[in-house]
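Right, one structure below, let's go through it.
The values are calculated or read from the model by the stated rules, or taken from the named source; none is laboratory data. Small disclaimer: the values here were computed from a predicted structure and weren't measured. For neighbour counting, all protein chains shown are included, and Cβ atoms are generated from backbone atoms with ideal geometry for every residue, glycine included.
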Amino acid sequence: MSEFQARTKRDADTLVVALAGECDLRSLDEMTAILMDAVRSSDKVAVDLAEVWFLDSSGLHALVTAHHAAAARSGRLYVVNPSGSVATVLEITGILELLRQPAPAEGAGEARQAEQHD
């Protein structure tokens, strides 16, 4: 039995999908269904990988499939908090760059700096 869990929560304008455990062939169908539901219900989806300790090509496939589905709807899916071997796999395959968290909106940092100086 695969050790895989997923939780979703709304954080402002982003739907956060927190995955945990093993993202592998045994969890592929469940992971893909959860991610596809997320990109259908939100324009911005963050996939939190902080609690994922194993990610193979099946998990990568689910992430990329959901990314393409989001892009087809003019949405965005990105990953946050990968670490250890999960971050290594994402980096080596180039998927980390593809699914990198978007930079803050241009000018947002300037507005915060102005508030701090006032």
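Quick notes on this structure:
- Pair list, Cβ < 6 Å and 6+ apart or interchain, from segment 12-36 residues that are modelled with pLDDT under 95 and surrounded by fewer than 18 Cβ atoms within 10 Å (Cβ to Cβ) to residues that are charged (D, E, K, R) and in a strand (DSSP E or B): ASP13/LYS44
- Residue within segment 27-48 that is within 20 Å of ILE92 (Cα to Cα), within 13 Å of the chain's Cα centre (by Cα) and not in a helix (DSSP H, G or I) present: yes
- Taking the numbered list (1) farther than 20 Å from SER83 by Cβ; (2) touching a strand residue (DSSP E or B) at 6+ places or on another chain (Cβ under 9 Å) in turn, ARG40 passes all entries but (2).
- A count restricted to segment 69-90 and to residues that are closer than 22 Å to SER41 by Cβ and touching a strand residue (DSSP E or B) at 6+ places or on another chain (Cβ under 9 Å) stands at 10.
- Some residue of segment 77-90 being modelled with pLDDT of 95 or more, touching a Ser or Thr at 6+ places or on another chain (Cβ under 7 Å) and of a type outside the set (Ser, Thr, Tyr): no
- With respect to the conditions (1) part of a helix (DSSP H, G or I); (2) surrounded by fewer than 12 Cβ atoms within 10 Å (Cβ to Cβ); (3) among the polar types (S, T, N, Q), THR65 falls short on a single one, namely (2).
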